[in-house]
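Take a look at the structure below.
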Amino acid sequence: MARKPLDYEELNENVKKVQYAVRGELYLRASELQKEGKKIIFTNVGNPHALGQKPLTFPRLVVALCQAPFLLDDPNVGLIFPADAIARAKHYLAMAPGGLGAYSDSRGIPGVRKEVADFIQKRDGYPSDPELIYLTDGASKGVMQILNTIIRNERDGILVPVPQYPLYSAAISLFGGALVPYYLEEEANWGLDFVNIRQSVAEARSKGITVRAMVIINPGNPTGQCLSEATIKELLQFCYHENLVLLADEVYQQNIYQDERPFISARKVLFDMGQPLSREVQLVSFHTVSKGYWGECGQRGGYFEMTNLPPKTVDEIYKVASIALSPNVPGQIFMGLMVNPPKPGDISYLKFAAESKSILESLRKRAHMMTDGFNSCRNVVCNFTEGAMYSFPQIRLPPRAIEAAKRAGKAPDVFYCLKLLEATGISTVPGSGFGQKEGVFHLRTTILPAEEDFPAIMSSFKNFNDSFMQQYEGYSRM
Ligand code: DCS
């Protein structure tokens, strides 16, 4: 019998090539153990609400009213919903003909795109055009759409930081392009090294690859570094000279845990640099409602903003967005609310500000607790999580552990993470899922477990690590 079209052997090779470790082997094993009744701490995905973070009240009230607009006609609506939430729900319902049950424009609701443009203008100090902002189902869909637009064939290369969030490697495989890695410097706090970036580009070119785009993740996932203005300037110069479009993944812009380097957008730096760069460098910037102190991952709200793209390209991107009809409408409203939150003087302001501040302050504390915890462990070194939601410690595995992993048919970091999972229930992602230098091993964990659970989690990690190192290194505790 001939093979059928959807038999595994017959599938699109690009689909089979895709790897996505955040939901890979470790995650599958953790899910199995959970089914068997083991308590699992899921620190593999940056999914704050799944680990107990409470939603901010105001946006949920507004979206609840948008979902159930008949409540607005109830004489008692004002007993539950504050007047500013009611007014805001009416504001969005007026923008969305047919309400949340109707498709919107494929680029998103024009009024929400205007709110995003106002937010960007206020953040960067330069006007932003709503026509160049497209709303998406989370940042992921936007990133995929733009990569799909850029990649023409297997010789088109995309510069991606390594370690990277595997959305990039996975999407580049899926669209049949070439990933051109540039290694972040762990010893320099995961900084960029332009000598090494130039080398990567030269090497790719020598293999016949046309390098067309450069991705930056700022703040970094999984590495947590915040880029300085000087670095962003240098990389914009680099993109200008090398004729690369810059894809700026800025989904963690609210998640900053140090004060020396506040978030600065690639777009602001570009406009600050003036002409010719500000008119020439093509830039696409991404944002989401999944991160920050919102953490509304399940709502799937995101946007991208296009800078210096010609109108015909913007139209092509619109055409392709139209194939999916419409980004999900509740997600768009969350985006509107995120970029236009309650203001001082509004009824809901104080509560909103208190809730946001408490989440951010707690994340900052957790970033410190996690880094300090890892650095107190034998054979573990960890840069401080300056931003984003992850810790990415390096685990210096003894040669005997590496041999044992080989015998078990596992990559050494996968071996370590599986043992950690079995012993403690802590579900992490091995560093190989993000890319790392040859012979160097890491794991990624989120900093998202509840603050009060941290001492227990860190001590259980330490106990595991001690006994692991003891077993494979002959190390004994004094
Ligand atoms: N970009 C980066 C750098 C991310 O870390 C994520 C999600 C996204 C984009 C996409 O998010 P949304 O599609 O939800 O907007 N981060 C994943 C991660 O590493 N863990 O959980 C999700």
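The values are calculated or read from the model by the stated rules, or taken from the named source; none is laboratory data. Worth saying up front: this structure is predicted, and the values here are computed from it rather than measured. For neighbour counting, all protein chains shown are included, and Cβ atoms are generated from backbone atoms with ideal geometry for every residue, glycine included. Ligands, DNA and RNA are stripped out before the accessible areas are found, and what is left, the full protein with its side chains, is counted by its heavy atoms. Shrake-Rupley method; radii C 1.70, N 1.55, O 1.52, S 1.80 Å.
The number of residues in the range 147-163 that are crowded, with 24+ Cβ neighbours inside 10 Å and within 16 Å of the ligand (Cβ to nearest atom) comes to 5. When residue 375 is tested against (1) in contact with a Cys (Cβ under 8 Å, 6 or more places away or on another chain); (2) open to solvent by 20 Å² or more (accessible area, probe 1.4 Å); (3) in contact (Cβ under 8 Å) with a residue 40 or more places away in the chain, exactly one condition is not met: (3). Give the residues of the range 217-268 that are assigned to a strand (DSSP E or B) and either assigned by TED's automatic domain parsing to the domain that holds residue 446 or surrounded by 23 or more Cβ atoms within 10 Å (Cβ to Cβ) (or both), sorted by residue number. Listed by number, the residues that qualify are 217, 246, 247, 248, 249.
Note on the range 284-318: among residues that are more than 19 Å from residue 54 (Cβ to Cβ) and assigned to a loop (DSSP other than H, G, I, E, B), the one that is farthest from the ligand (Cβ to nearest atom) is 310.
Annotation for the range 208-215: at least one member residue is within 28 Å of residue 444 (Cβ to Cβ), within 16 Å of the ligand (Cβ to nearest atom) and of a type outside the set (Gly, Ala, Ser).
Of all the residues in the range 109-143, those that are charged (D, E, K, R) and over 26 Å from residue 165 (Cβ atoms) number 6. The residues of the range 410-438 that are touching a helix residue (DSSP H, G or I) at 6+ places or on another chain (Cβ under 9 Å) and without any contact (Cβ under 8 Å) to a residue 24 or more places away in the chain, listed by number, are 410, 411, 415.
Restricting attention to the range 50-60, does a residue exist that is in a helix (DSSP H, G or I), touching a strand residue (DSSP E or B) at 6+ places or on another chain (Cβ under 8 Å) and open to solvent by 20 Å² or more (accessible area, probe 1.4 Å)? Within the range 50-60, one or more residues are in a helix (DSSP H, G or I), touching a strand residue (DSSP E or B) at 6+ places or on another chain (Cβ under 8 Å) and open to solvent by 20 Å² or more (accessible area, probe 1.4 Å). If only residues of the range 375-400 that are under 28 Å from the mean Cα position of the chain (by Cα) and outside any loop (DSSP other than H, G, I, E, B) are counted, the one that is nearest to the ligand (Cβ to nearest atom) is 390.
Residue-wise test of (1) charged (D, E, K, R); (2) open to solvent by 50 Å² or more (accessible area, probe 1.4 Å); (3) over 22 Å from the mean Cα position of the chain (by Cα).
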position	(1), (2), (3)
3	yes, yes, yes
6	no, yes, yes
39	yes, yes, yes
62	no, no, yes
65	no, no, yes
80	no, yes, yes
89	no, no, yes
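In this structure, does residue 236 turn out to be away from the ligand (no atom under 16 Å from the Cβ) and at pLDDT 95 or above? Spelling it out, residue 236 is indeed away from the ligand (no atom under 16 Å from the Cβ) and at pLDDT 95 or above. Taking (1) open to solvent by 60 Å² or more (accessible area, probe 1.4 Å); (2) farther than 24 Å from residue 325 by Cα; (3) within 13 Å of the ligand (Cβ to nearest atom) in turn, residue 166 satisfies each apart from (1).
The listed residues are 277, 247, 270, and the only one of them that is within 16 Å of the ligand (Cβ to nearest atom), closer than 23 Å to residue 150 by Cβ and not acidic (Asp, Glu) turns out to be 247. When each of 432, 467, 460 is tested for being in a helix (DSSP H, G or I) and under 20 Å from the mean Cα position of the chain (by Cα), the lone residue that passes is 432. Every test in (1) in contact with a Lys or Arg (Cβ under 6 Å, 6 or more places away or on another chain); (2) of a type outside the set (S, T, N, Q); (3) away from the ligand (no atom under 16 Å from the Cβ) is passed by residue 202 save one, and that test is (1). Cβ-Cβ contacts under 7 Å between residues 6 or more apart (or on different chains), taken from a first residue in the range 292-320 that is assigned by TED's automatic domain parsing to the domain that holds residue 271 and among the aliphatic types (A, V, I, L, M) to a second residue that is within 16 Å of the ligand (Cβ to nearest atom) and open to solvent by 10 Å² or more (accessible area, probe 1.4 Å), are listed as 317/145; 320/145.
Scanning the range 391-443 for residues that are open to solvent by 10 Å² or more (accessible area, probe 1.4 Å) and among the polar types (S, T, N, Q) turns up 394, 424, 432, 436.
Cβ separations smaller than 9 Å between residues 6+ apart or across chains give the following pairs from the range 182-208 residues that are polar (S, T, N, Q) to residues that are open to solvent by 30 Å² or more (accessible area, probe 1.4 Å): 189/383; 189/384; 196/183; 196/185; 200/181; 200/183.
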